[in-house]
Amino acid sequence: MDFKKRLFINIGIPLAICLILITALFFIGSDIAKKTEQIRELRTELFFRLHLAESLALLTKEAEQARNYTFQLERILPNSDQLVSFPRDLNMIAKQTQVDINSSLGGEEVSEKKSALRRTNFSITGRGSFENFINFLKFLETGQYIINLQTLDFARQDDNFKISLTGQVFSY
């Protein structure tokens, strides 16, 4: 029995210690895997937050540039009260280009944004030579007003042409 007891002590104790160590290594390895996954998640979140911070800094910089452009755009576009002189300016252009016109301003559309860019409808009918109409349109296009032509109709009437045009003029 003494032999069996010694054999059990010589083999059993190291075997028990190995089993305890293997179990401990398994739990430590499992804990390391969990901690590694947590580190990956935290690292991904850190990169995401860094990207957000960079985007925010870039947007802040671009917002300042946009404010400058908005200020310039407000200086370029007339305010809606100044559109009263739009028909008079059209008549001046028509007189310079030797075109006989009748113009009228229509309803005003306001964008839903806070900046309140306004579009005012207008219509023009007139008579004159084709070349004079082309010159009139060039002056209209390069004038102080920013316009959007929606329809443009030409009709020949004897030696002259008759024009009908609708569009929008932009203002603040």
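The values are calculated or read from the model by the stated rules, or taken from the named source; none is laboratory data. Everything numeric here is computed off the predicted structure, so don't read it as measured data. Ideal geometry is used to build each Cβ from the backbone, glycine not excepted, and the neighbour counts take in all protein chains shown.
Things to note:
- Top-ranked residue in the range 58-82 [being under 30 Å from Leu105 (Cα atoms) and of a type in the set (A, V, I, L, M); ranked as surrounded by the most Cβ atoms within 10 Å (Cβ to Cβ)]: Leu77
- Residue in the range 112-126 that is over 20 Å from Ser85 (Cα atoms) and among the small types (Gly, Ala, Ser) present: yes
- Within the range 88-97, the set of residues being surrounded by 13 or more Cβ atoms within 10 Å (Cβ to Cβ) and touching a residue at least 24 places away in the same chain (Cβ under 8 Å) comprises Asp89, Leu90, Ile93, Ala94, Thr97.
- Top-ranked residue in the range 124-163 [being hydroxyl-bearing (Ser, Thr, Tyr) and under 40 Å from the mean Cα position of the chain (by Cα); ranked as surrounded by the most Cβ atoms within 10 Å (Cβ to Cβ)]: Tyr145
- Residue in the range 144-158 that is outside the structural domain of Thr70 (by TED's automatic domain parsing), at pLDDT 90 or above, basic (Lys, Arg) and farther than 23 Å from Thr70 by Cα present: no
- Flag if Gly106 is more than 11 Å from Ser171 (Cα to Cα) and loosely packed, with under 15 Cβ neighbours inside 10 Å: yes
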